[in-house]
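Notes follow the structure.
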Amino acid sequence: MAEKFAELINLAEPYRELEGFKEIDGYKIKALYPAPHNALFDFSIGGKDAERIDEIAFKSKNIVNSIDKNVVLGHSDWSMKNVRFAGNKINMVYDWDSLCLQDEYHLLGIAAATFTTTWDIPVKITPSQEEAFEFVAEYERAMGKKFSRNELLKISACTTSVMCYTARCELSVDPENVYYEGSYRQTLYEMNGENYLRI
């Protein structure tokens, strides 16, 4: 999935200037989080762990906004739920409404945080910290470049921030943590280090 993500961004590069694409930067807003993507989610509903999640998100957002960006055209929902495989190869990608201009480090952070997410089969939806780190490393190899420490720090902060956003979505519909096992809330609670990739 990381290799194909890199391939997509390379293939899309010549089309960045086409009309209809605009840059999305959810970190340049006053609110801690962008508006929820679905009316089901209400971030005013707190619940257990909301304060801790928001503290992590606040630190992550500050890191993201302190490091320069690299705007590319890419898919902002690169996860298992939007791809189909034939054997070990991706043969279909869905949700092309998610194609947008965005910071490469943010897009990669989203993908690293959610590439394992699917509800089609009974699997854990969150990647481990090692899996998320390896996704980024595999993307580097596919791109033939090496990220600087600051770039990796930003990617990790974006990964962490996306996980916080998703955890708050979970909390808004499950404030008592009834469905906690395998959730983004649990993943953040058990996170080692200050950010998800441990940079």
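The values are calculated or read from the model by the stated rules, or taken from the named source; none is laboratory data. In this text, all values refer to a predicted model and were calculated from it rather than measured experimentally. With ideal geometry, Cβ positions are generated from the backbone for all residues, glycine too; neighbour counts draw on all protein chains shown.
None of 101, 152, 107 is touching a strand residue (DSSP E or B) at 6+ places or on another chain (Cβ under 9 Å), surrounded by 13 or more Cβ atoms within 10 Å (Cβ to Cβ) and within 15 Å of residue 61 (Cα to Cα) except 107. Looking only at residues that are part of a helix (DSSP H, G or I) and among the polar types (S, T, N, Q) in region 179-191, which one is surrounded by the fewest Cβ atoms within 10 Å (Cβ to Cβ)? That would be 186. On the given criteria, is residue 105 touching a Cys at 6+ places or on another chain (Cβ under 9 Å) and at pLDDT below 95? Considered against the rule, which asks whether it is touching a Cys at 6+ places or on another chain (Cβ under 9 Å) and at pLDDT below 95, residue 105 comes out as no. If you check 130, 170, 176, which single one turns out to be part of a helix (DSSP H, G or I) and loosely packed, with under 15 Cβ neighbours inside 10 Å? Matching residue, one of 130, 170, 176: 130. Apart from one condition, residue 60 fits all of (1) within 27 Å of residue 185 (Cα to Cα); (2) in a strand (DSSP E or B); (3) among the polar types (S, T, N, Q); the exception is (2). Can you tell me which residue within region 133-167, out of those that are among the small types (Gly, Ala, Ser) and not in a helix (DSSP H, G or I), is farthest from residue 31 (Cα to Cα)? The residue in question is 144.
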